[in-house]
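Have a look at the structure below before the remarks.
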Amino acid sequence: MLLVKDMKDLAGKRVIVRVDFNVPQKGGVISDDNRIVAALPTIKELLAKKARVILMSHLGKVKHKEAPEVVEEQKKKNNMAPVAVRLGELLGIDVKFCPATRGDELKNAVASLKDGEVLLMQNTRYEKGEEKNDPELSKEWASLGDAFVMDAFGSAHRAHASTYGIPEILKAEGKQDAIGYLVEKEVVSLEKVVNVPADRHPYIAILGGFKVSDKIKVIDSLLKKCDKVIIGGAMAYTFLVALGRKVGNSPFEADQLDYAKRMYDTGKILLPVDSVVAQDFENPKNIHVVEGDIPEGFEGMDIGPKTREIYVKEIAKAKTVFWNGPMGVFEKDEFTAGTIAVCKACADLKDAFTVIGGGDSASAAKKLGFKEKFSHVSTGGGASLEMIENDGHLPGIDVIK
Ligand code: ADP
Ligand code: MG
């Protein structure tokens, strides 16, 4: 696979870079510019090579099936223009912004770019054809570039016009398709939890979060790859109900019970033996620890102290760890202990490769002060799960290979 650092003869060439500028913002104010910062190494590399850099990204959602005035409202809400300003500040150069996503205005903006200049196009999702990988749209966008770089890991599991259509066409024309620094780091790191050699076992997965149904495919493939799968979070209650336990008012998915039972029967799954329970999810009261069945009127909010001890001991054996999904409702201080315990157990490992894949898990690790202790924190929650599910394959990366 071609890496951006190995791309040749780019002086004067138009290079389309698919970045992930899907930043949290409201009314043009960007509250977290991490994703823009993460794209800088690739952009700087291309500028050093005297390329003409054309950046494309989606921002938020534009639902083209809605009424025209709703679509207009969504477009206004997800306007990419403020990102160009912030990027300009970070790069210390003037970043041009093109409000058009097709047609002469876009063509002219690209044509007026000089070597070492940067142009950011408006939100790719302004185009209806983006998410459909529309061939006409892909053709028009591909015609703007002499080369392509994929640096949006968080979008690599989507075969859209900007992630798949463009590189497919450019490759067929014999032009350079490469991956950027951000994607390279993700691929190299995630490969270590996709194909794990014998000497990097025990391989332990820690799964939590809300729903079993969101994660069926990844549970399946992790059970094939891992020695143990530790389960916490709300999804644990679906497994416990499947084993005939009572879980009070805890959320569980009645349509996943057979699946949960089958997965449990692999013998690799560890489930909580106690829970921190509460009444009233919104304003939790009567918080206490329950072993065994949870009484009516209470719901499980976190794994309990005995479970923490068992899980910590198990994690301590690991040479490879993949973690997705908090152990409890970590957003509330009363229910962080389970997530802190698994974070700390990972942080204490001496010779292990530890990966977080999952948006909420990454923010939990950050909030609780453990983010820097992990070997890799993926920038793409959905993409990292799909990479494990598909044995290392993602459409937006395979198309470059
Ligand atoms: P990720 O984004 O890392 O993949 P998920 O989105 O699957 O994780 O799950 C995160 C959410 O799960 C958090 O908002 C957390 O509050 C919730 N959660 C965890 N445990 C429980 C629980 N026992 N009851 C209700 N919600 C829970
Ligand atoms: Mg989430």
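Read-outs throughout are calculated quantities, based only on the coordinates presented, and are distinct from any laboratory measurement. Computed from a prediction, not measured in an experiment: that's the story for all the values here. Cβ sites come from the backbone with ideal geometry, for glycine too, and all protein chains shown count toward neighbours.
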Round to the nearest 10 and give me the degree value, 0 to 90, for the angle of helix 337-347's Cα axis relative to the longest principal axis of the chain. 60
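Ranked highest first by average number of other Cβ atoms within 10 Å, how do 136-146, 94-104 line up? List each step's numbers first, then the result.
Details: 136-146: 19.4, 94-104: 15.9.
Descending packing order for the listed peptides: 136-146, 94-104.
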Would you work out which of Ala84, Ala205, Ala236 lies farthest towards the positive end of the dipole of the chain, given +1 charges on the beta-carbon of Lys and Arg and -1 on that of Asp and Glu, about the Cα centre? Ala84
11 Å reach of a label modelled at Phe210, 7 Å along Cα-to-Cβ, counting backbone N of segment 269-304: none
Relative contact order of the chain, please, whole-number percent, based on alpha carbon pairs below 8 angstrom and at least 6 residues apart. 16
Straight-line reach from Lys246: which lysines have a Cα under 27 Å away, not including same-chain ones fewer than 8 places off? Lys211, Lys215, Lys217, Lys228, Lys261, Lys268, Lys285, Lys306, Lys313, Lys332
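Which of the peptides 177-186, 333-342, 148-157, 211-220 is most tightly packed, and how do the rest follow, judged by the mean count of other Cβ atoms within 10 Å per residue? Before the final figure, lay out each step's value.
Details: 177-186: 23.2, 333-342: 20.4, 148-157: 27.3, 211-220: 17.6.
Ranking, from highest mean packing down: 148-157, 177-186, 333-342, 211-220.
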Determine how many Å³ per residue the convex hull of the Cα atoms of segment 300-350 encloses. 70
Counting C-alpha atoms alone, how compact is segment 280-376: give Rg to one decimal and Dmax as a whole number, in angstrom. 14.1, 44
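Assuming 0.36 nm per residue, please report the length gained on full extension of the stretch Lys317 to Ser363 beyond their Cα-Cα distance.
14.0 nm
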In nanometres, the difference between 0.36 nm per residue of separation and the alpha-carbon distance of Glu372 and His64 is 106.9 nm
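Quick check on the chain: helices-only [θ] at 222 nm, where DSSP H runs of length 4 and up contribute -39,500 (n - 2.57) each and the sum goes over total residues. Nearest 500, please.
Details: 15 runs with 144 residues, N = 401.
Computed ellipticity for the chain at 222 nm equals -10500 deg cm²/dmol.
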Most to least packed among 67-77, 233-243, 313-323, 197-207 [average Cβ atoms within 10 Å]: 233-243, 313-323, 197-207, 67-77
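Just the Kirkwood number for the chain, please: inverse of mean 1/r across all distinct Cα pairs, in Å, one decimal.
Details: mean 1/r = 0.0442 Å⁻¹.
Here the Kirkwood hydrodynamic radius works out to 22.6 Å.
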Of all C-alpha pairs within segment 124-240, those more than 17 angstrom apart amount in percent to 67
Which residues among segment 292-306 fall inside the zone where the amide N is under 17 Å from a point 7 Å beyond the Cα of Gln279, along Cα→Cβ? 294-301
Counting only Cα, what are the radius of gyration and maximum Cα-Cα distance Dmax of segment 189-389, in Å? 15.6, 47
Dividing the convex hull volume of the alpha carbon atoms of segment 344-401 by its residue count, what do you get in Å³ per residue? 95
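Once the mean 1/r over all distinct Cα pairs of segment 4-182 is inverted, what Kirkwood radius in angstroms do you read off? Please list the in-between numbers first.
Details: mean 1/r = 0.0622 Å⁻¹.
Kirkwood hydrodynamic radius for segment 4-182: 16.1 Å.
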Fraction of beta bridges assigned by DSSP in the chain that are antiparallel (%, nearest 5): 20
